């Protein structure tokens with residue numbers, strides 16, 4: 001095995017171990033879903049790994065799934081599973097960003113068309 005193979009194995013196996021082989025989160029989480037800590041973790045809780053604790057610390061202010069993944073240098077899928085664990089344990093709350101406009105509102109489309117015509 002060369003060094004490239006070892007690096008690849010570490011990158012694939014480590015997230016798999018962190019999620020205990022799970023690939024699906026317990027909740028639907030988009031990359032822009034915001035997570036915020038609602039209950040601190042002391043570090044002695046059963047079932048919380050260092051990555052869980054890092055997420056709880058990071059989310060003292062709301063962060064998106066994508067931001068958490070970037071901070072921890074983990075794949076977004078892995079972060080989604082870990083966030084699902086934390087949500088289930090009551091450590092975090094999730095919030096979907098509010099859409100800027102109702103996409104089914106005809107007035108919004110008319111305003112866009114009017115704006116384009118004015119160009």
Give me the pairs, please: first residue somewhere in the range 73-92 and on the phi > 0 side of the Ramachandran plot, second residue anywhere and in a loop (DSSP other than H, G, I, E, B), beta-carbon distance under 8 Å, and either six or more positions apart or on two chains. 90/38; 90/39
Considering each residue of the range 75-93, count those that are more than 13 Å from residue 40 (Cβ to Cβ) and surrounded by fewer than 19 Cβ atoms within 10 Å (Cβ to Cβ), and give that number. 6
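Readers should treat all values here as calculations from the given coordinates under stated rules, not as data from a laboratory. Treat the numbers as computed from the prediction; the structure is a model and nothing was measured. Neighbour counts are summed over all protein chains in view; Cβ atoms, including those assigned to glycine, are modelled from backbone coordinates with ideal geometry.
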